[in-house]
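These notes are about the structure you will find just below.
Throughout, read-outs are computed from the coordinates displayed, never taken from laboratory work. Every value quoted in this text rests on a predicted model; they were computed, and no experiment measured them. Here the Cβ is made from the backbone with ideal geometry for all residues, glycine too, and neighbour counts use every protein chain on show.
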Amino acid sequence: MSARYDAIIIGAGHNGLVAAAMLARKGRKVLVLEARDHLGGMLGDADFRVAPLPYALRPEIIRSLGLPAQLMGTSKPVETISFNPDGPSVTVLGARTIGLAPEVAQTYATLRARLGRQAKALGVMMLEPPPGLGKASLGEMTGLARMALKMRLLGKTEMRDLLRIILSNVWDLLNDEIGDGPLAGALAMDATLGGAMGPRSPGTVLTLLYRMASHSAHGHGLRVMPEGGPDALVKALSDCVTAAGGEIRTGTPVEKILVDQDKTAGVRLQSGEEIAAPLVLSNVSPKTTLMTLLGVEHLDGEFVRRCRNMASKGMVSRLDFDIAQAPTLGSGSTLQNGQRLMIAPGMHAIETAFNAAKYGDLPERPVLEASYDAAANRLCVSAQFTPHDLTGGWTDDVKARLSASVLAVLEDALPGLSSAVTASRVMSPVDIETGYGAAGGHWHHGELRVDQLLMLRPFDGAAQYRMPVAGLYLCGAGAHPGGDISGAPGFNAARAALRDGRN
Amino acid sequence: MTATAEPVAQVVSGLKSGPFHDRLVAHNRQQAWMNWMGYASPSVLDSVEFEYFAIRNQSTLFDISPMCKYAITGPDAEAVLNRLVTRDIRKLKPGRVAYCIWLDEDGQVVDDGTVFRLSETEFRLCCQEPQLSWLEDIAWGFDVSISDVTRDIAGLALQGPTSCALLKDLGLAGIETLKTFGIAEFAIGGADVTISRTGFTGDLGYELWIAPADALTIWDALMGAGKLRGLRVIGYEALDMARIEAGFLLPKVDFLSAQTVLRPDRANTPYELGLEWLVTLDKPHFNGRRALLDLSGQTPPRKLVAIEIERDKPAHNALVYHKKSREVGMVTSALWSPTCKRNIAYAWLDAPYGQSVTTDLWVEIYLQKEIRWQRRMARCHPASRPFFSHPRRTATPPADY
Ligand SMILES: Cc1cc2nc3c(=O)[nH]c(=O)nc-3n(C[C@H](O)[C@H](O)[C@H](O)COP(=O)(O)OP(=O)(O)OC[C@H]3O[C@@H](n4cnc5c(N)ncnc54)[C@H](O)[C@@H]3O)c2cc1C
């Protein structure tokens, strides 16, 4: 064994970096090991970024790590433009909308304010470790208690409303309140993006609230592109690690987590090198961490079964189209850098696209989230409902077919785009899985579903970051509270490890 | 008046005929069949007393074909079994058998059974309850293959003082050198048979493992040789008496499998069952180890203890009291032991009774005399298990008797 560290973090995704920074700033000798040649995980590859819109980093984390406040604070919240095939597009920024009849806009604003309050109450739990099932300590219960209190503070009517809708589906909620159309489509996309759920799937109100629980200096649920873009965010995080004395090595895939006497002893790299540390935090998805890196022989059979059965079927493909200048919307205006364009003209279109994916097929018309990266001259597209377990597999032909159908859908909203494209790339959920070790290529490393949330995240018996082998922690998107670029799992996991270390 | 009715053939509805069924039918005067894993299995063939005394004084044949059997083979077979059971299977040499228990993740007993190590990479697990899906969970991720061979292997328990002599009569050269928990290959009447020196009676005895096609050949050879050795076919009831004396617990009677309980507090840890001698905590991870580690420092909330009862009436289903007044437990298996000449039982006692408090314990025995129930309080004392174990069980070579 070579040098000895207090803690090793496997994976330099943004969550791994947050965890590493937390530990290093508490004086721990920390080593981050990243398989790829770039930092930031799905956020970090400047050539083909999996996650192009990193809006959700929590301000508490920025404060706690002493990151520059302007990172998420100064830039303006970005708008979402929802394409409408039958009229002018709808532009949404929080409760404000453009392109809707005044009554609908008003109804939406009221609904949005209500959901916002409910999401905020829910958001209290995001930076708290989930309580244990059955034997929660008093400390663990405080998060739940605070959430319960926040919910009570919503008032009787709103709390009752929250309990009524929280497990239901956005289809019913939005149909009741605002009717189908591009506005509902944009909201339903937020509710389902990255998951194997359509607007009609139960639990999609919860996932919508989850996304709305994001927080920035501009308030709740608004989307803010970091100052300087994704790379600036990754750099700020990695600088924070190294400034605190942490080391980061790229191009060093970990092959095995070493165990001695039922305790974590360190890691073995693919190169054969072994590095000792009593504490290992894994940023890699739970399934890969436990089944591959740790090995089932260290785990109880029931635990392994629950891990194997964890839902993590990736549904999103990433496509990049290189274009020389900003794409033009039908209205004549151009898509701004970082602006979101949703092509999901209604909940019906989303549910229809999901239908095909349920049975392992590609939708004829995938629903899309697109953004323009002006620095790289590229349109970044997340194509929803392209299943990991595609019938017949992800061949080059299939990718070309997907690319063509995505381009056809884009062409409706951005006329003339096809002829402006100079190059394109496709990353399927399988590519994401092999490239990043995320089981199923799943956006959140594991489905955000009622049975995989809070004290059940990533699965029953594995919540609270601590794994059965002492000294091993999960610190990635698979852990509570889940995916997106929030940093919360990494933050919570590091705190759990620090707390345990004190005892 | 003349009787005109022909004897009506017994209809064993819904039950499968085992490999020895044709012979068992012929012996089964009582036609008292029970359901054992879907097989028609005799509970008594003739009379319990005769069958029981044959176990202790002569030799007996009991069809154990219904027992669940699993073949676990492959490069990781040892690792899989070591992960399954609480004993250190790495220490089990090829050609040996070990009695084992296995646990769920909470450290509660799932089942018990015997692990046969047939070679470095081939094992067989024999147990009471179906375990295939459990085994598949335990073996997931390992290079091993598991198959249910329950119906592919017929089994006969040949138990009793004259059992070795009987096998020698059949020309099984070297059988007398087979040690307790050893396995060896032989041929009887031209048919291959694997014999293990194992059993459920606490006495000298063997278990014979046979291809179902050869079952009757071997049965007939044994019965032929057994004439002079007092061989008797027995049913479950006589065996149950012997197993209580021998200190073996019975799932579903003395304890419930963690997988079958409906109430979470009904499953049992090895410590509660008095089976801590089967647990090796300092071996590589096995299922339930971490839970057990936590439990190992604690006093079990209740314990299954062997008790000896004063007076002679068997204490079936009796409640146990401290100072004749405070209810502290209940009896699961009970027997007036004809061999030990003692009134014995197993009882669940709530802590601290049976653990630190062992005096002034009473069982409440119900007796029926001509449709009148009577209640007797009889003093009982914790005893050590087993109640009966004969030196010839382990003597090698065993005497002929
Ligand atoms: C198609 C797609 C689009 C997305 N778009 C957005 C978006 O626009 N906005 C948003 O907020 N979220 C988005 N997400 C979600 C977001 O990318 C994830 O939730 C987030 O990246 C999770 O961060 P993480 O740090 O937990 O894990 P990851 O970013 O997955 O990082 C894990 C790291 O571990 C490394 N690793 C894996 N195995 C090993 C090993 N054996 N040894 C060493 N290192 C290893 C990987 O290389 C990687 O760097 C998207 C996800 C997908 C799939």
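List B:Asp63, B:Asp137 from most exposed to least, where exposure is judged by having the fewest other Cβ atoms within 10 Å.
Fewest to most other Cβ atoms nearby, the residues stand as B:Asp137, B:Asp63.
What is the protein assembly as shown by shape, rounded, prolate or oblate, if you read a ≥ b ≥ c off the alpha carbon gyration tensor as root eigenvalues and call it rounded for a/c under 1.5, prolate for a/b larger than b/c, and oblate otherwise?
Taking the square roots of the gyration eigenvalues as a ≥ b ≥ c, the protein assembly as shown is prolate.
Need one number: nm distance between label points at A:Glu103 and A:Arg249, each 7 Å from Cα along Cα→Cβ, rounded to one decimal.
With each label point 7 Å from Cα toward Cβ, the separation is 6.7 nm.
If a/c stays under 1.5 just call it rounded; otherwise compare a/b with b/c (prolate if a/b is bigger, oblate if not). Do that for the stretch B:337-401, with a ≥ b ≥ c from the square roots of the Cα gyration tensor eigenvalues.
Oblate, because a/c is 1.5 or more while a/b does not exceed b/c.
If Lys and Arg each add +1 and Asp and Glu each add -1, what is the summed charge of the other residues whose beta carbon sits under 15 Å from the beta carbon of B:Ala215?
Net local charge, B:Ala215 excluded: -3.
Starting from the amide H of A:Arg378, placed 1.01 Å from N in the peptide plane, find each other amide H under 5 Å away whose residue is 5 or more places distant or on another chain.
Here the answer is A:Ile323, A:Asp373, since their amide H atoms fall under 5 Å of that of A:Arg378.
For Cα pairs less than 8 Å apart in space and 6+ apart in sequence, what is the mean separation divided by the residue count of chain A, i.e. the relative contact order in percent?
It rounds to 23 percent for chain A.
Using only the Cα atoms of the stretch B:299-386, construct the convex hull and provide its projected area averaged over every direction, in square nanometres to one decimal.
5.7 nm²
Name the longest site-free stretch of chain A, where the excluded sites are GluC sites (Glu not before Pro) in a DSSP loop with no more than 16 other beta-carbon atoms within 10 Å.
Free of exposed loop sites, the longest segment is A:1-226.
Take peptide A:290-300, look around each residue's Cβ out to 10 angstrom, count Cβ atoms belonging to other protein chains, and average those counts.
4
Of A:Leu115, A:Leu474, how do they rank once you tally other Cβ atoms within 10 Å and put the fewest first?
A:Leu115, A:Leu474
Pick from B:Leu84, B:Leu132, B:Leu361: which residue has the top mean-square fluctuation in a GNM of chain B where Cα pairs under 10 Å get a spring?
B:Leu132
What does the charge dipole of chain A about its Cα centre add up to, to the nearest 20 debye, if the Cβ of each Lys and Arg holds +1 and the Cβ of each Asp and Glu holds -1?
1740 debye
Could you please rank A:Met467, A:Met315, B:Met223, placing first whichever residue has the fewest other Cβ atoms within 10 Å of its Cβ?
With the fewest neighbours first, A:Met467, A:Met315, B:Met223 line up as B:Met223, A:Met467, A:Met315.
Quick one: of the DSSP bridges fully inside the stretch B:299-386, what percent are antiparallel, nearest 5?
Roughly 95 percent of the DSSP beta bridges within the stretch B:299-386 come out antiparallel.
Which shape class, rounded, prolate or oblate, goes with the stretch A:223-379 when its Cα gyration tensor gives a ≥ b ≥ c as root eigenvalues, a/c under 1.5 marks rounded, and past that a/b bigger than b/c marks prolate?
oblate
Just the ratio, please: alpha-carbon radius of gyration of the stretch B:68-151 over 2.2 N^0.38 Å, N its number of residues.
Normalised Rg, Cα atoms only: 0.96.
Nearest 10 degrees, 0 to 90: what angle lies between the long axis of helix A:488-502 and the longest principal axis of chain A (Cα atoms)?
Helix A:488-502 sits at roughly 20 degrees to that axis.
Please list, by residue number, every one of the GluC sites (Glu not before Pro) in the stretch B:57-146 that is coil in DSSP and has at most 12 other beta-carbon atoms within 10 Å.
Hits after loop and neighbour filter: B:Glu120.
In the protein assembly as shown, with Lys and Arg counted as +1 and Asp and Glu as -1 at Cβ, which of these residues, B:Leu170, A:Leu193, B:Cys340, has the Cα nearest the positive end of the dipole, that is, farthest along it?
Projecting each Cα onto the dipole axis, the largest value belongs to B:Cys340.
If the limit is 20 Å between Cα atoms, which of B:Lys179/B:Lys341; B:Lys252/B:Lys303; B:Lys303/B:Lys341; B:Lys313/B:Lys341; A:Lys120/A:Lys150 go over it?
B:Lys179/B:Lys341; B:Lys303/B:Lys341
Where the only charges are on Cβ atoms (+1 Lys, Arg; -1 Asp, Glu), what is the dipole of the protein assembly as shown about its Cα centre, to the nearest 20 debye?
That gives a dipole near 2860 debye.
Can you give the helix-only mean residue ellipticity at 222 nm for chain B, where every DSSP H stretch with n ≥ 4 adds -39500 (n - 2.57) and the sum goes over all residues, rounded to the nearest 500 deg cm²/dmol?
Computed ellipticity for chain B at 222 nm equals -5000 deg cm²/dmol.
Taking only Cα atoms, what is the 0 to 90° angle, nearest 10, from helix A:14-25's long axis to the longest principal axis of chain A?
40 degrees
Which whole-number percent gives the relative contact order of chain B, counting Cα pairs below 8 Å spaced six or more residues apart?
Relative contact order here is 17 percent.
If we count trypsin sites (Lys or Arg not before Pro) as exposed when they sit in a DSSP loop and have at most 15 other beta carbons within 10 Å, what is the longest stretch of chain B that avoids them all?
Answer from the scan: B:30-178.
When only alpha-carbon atoms count, how far does chain A stretch along each of its three principal axes, as whole angstroms with the largest first?
That gives 66, 56, 44 Å along the principal axes, largest extent first.
Sequence gap at least 6, Cα distance under 8 Å: using those rules, report the relative contact order of the stretch A:365-500 to the nearest whole percent.
Answer for the stretch A:365-500 is 14 percent.
Add -39500 (n - 2.57) for each DSSP H run of 4 or more in chain A, then divide by its residues: what number comes out at 222 nm, to the nearest 500 deg cm²/dmol?
Estimated from H runs of four or more residues: -10500 deg cm²/dmol.
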